[in-house]
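Engineer: Mind having a look at this structure? Questions to follow.
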Amino acid sequence: MTRFVVDCETLLRIAAGEIEVVPEHKLVAPALVRSQALAALYEAARRGEISRAEGLERVRRINSLKARFLGDKVLQQQAWKVAEQLGLETTYVAEYVALTTLQADAFVTSDPELAQAVSGLVETATPDALC
C-alpha cells in the first residue's frame, strides 16, 4: 500500500473522472483542500466551464472518496515550520508538505514547479502514480 497526499488539482481531476485511483493506494489531504476544491468548482461553474449540477456532483464525489482529510494541531505546527523553512507567504502549500512528512509516502502534484520546490523535503509524484 502506498499513501499519497494529493493536491487540489489532482483531487479535482479525480472528481472529474480523469484519474482512477487503484485500490491499493490510500489518499490523504489537508482539510483545506475541500474548501479549495469547492471554490475551484464554483468558479468553474460561474465561468460556464461546467454546469452547476456537474460542479455539485463533483463536490459530492470528493466528499465520498475514500480519503482522509486532516487538519490537526500537529499538522498545523509542522506546516508553520515548513512555511518558514521554504520562505512561503502562506501556509497552504506547507500543509501538503507537512502532511506528506507526517502521514504519507509521496506528495502528488501536477505542478512541476511546486514539485521541484519541495523535492528536498518530501518525495513527489505525478498524478500518473495513482493509476
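Throughout, read-outs are computed from the coordinates displayed, never taken from laboratory work. For clarity, every value in this text was computed on a predicted model and none was experimentally measured. Reconstructed Cβ throughout: ideal geometry from the backbone, glycine too, with neighbour counts over all protein chains shown.
Engineer: Calculate, in nm to one decimal, what Glu49 and Asp111 gain on full extension: separation in residues at 0.36 nm each, minus their alpha carbon distance.
Structural biologist: The Glu49-Asp111 span can extend by a further 20.2 nm.
Engineer: Take Val59 and Arg13, extend 7 Å from each Cα along the Cα→Cβ direction, and tell me the distance between the two endpoints in nm.
Structural biologist: 2.4 nm
Engineer: How high is the relative contact order of the chain, in percent, counting Cα pairs under 8 Å that sit 6 or more residues apart?
Structural biologist: Reported relative contact order: 34 percent.
Engineer: What list do you get for Asp7, Asp128 if you sort them by fewest beta carbons within 10 Å?
Structural biologist: Exposure proxy ranking, most exposed first: Asp128, Asp7.
Engineer: May I pose another question? Given [x] 0.97; [y] 1.06; [z] 1.12, which label gives Rg/Rh (Cα atoms, Kirkwood Rh) as computed from the coordinates?
Structural biologist: Derived directly from the coordinates: [x].
Engineer: Given a Förster distance of 41 angstrom, what is the FRET efficiency for Glu20 paired with Lys73, based on the Cβ-Cβ distance and rounded to 0.05?
Structural biologist: For Glu20 and Lys73, the calculated efficiency is 0.75.
Engineer: Additional query: Run the helix sum for the chain: -39,500 (n - 2.57) per DSSP H stretch of 4+ residues, divided by residue count, reported at 222 nm to the nearest 500 deg cm²/dmol.
Structural biologist: -16000 deg cm²/dmol
Engineer: Let me ask something else. So for the pair Ala31, Tyr92, with labels modelled 7 Å out along Cα→Cβ, what separation do we get in nm?
Structural biologist: Computed distance between label sites Ala31 and Tyr92 equals 1.8 nm.
Engineer: Based on alpha-carbon centroids, what's the gap between region 34-76 and region 78-131 in Å, whole number please?
Structural biologist: Computed from Cα coordinates, the inter-centre distance equals 20 Å.
Engineer: Springs between alpha-carbon atoms under 10 Å, Gaussian network over the chain: tell me which of Thr100, Thr91, Thr109 tops the mean-square fluctuations.
Structural biologist: Thr91
Engineer: What percent antiparallel are the DSSP beta bridges of region 1-107, to the nearest 5?
Structural biologist: Counting only bridges with both partners in region 1-107, antiparallel ones make up about 0 percent.
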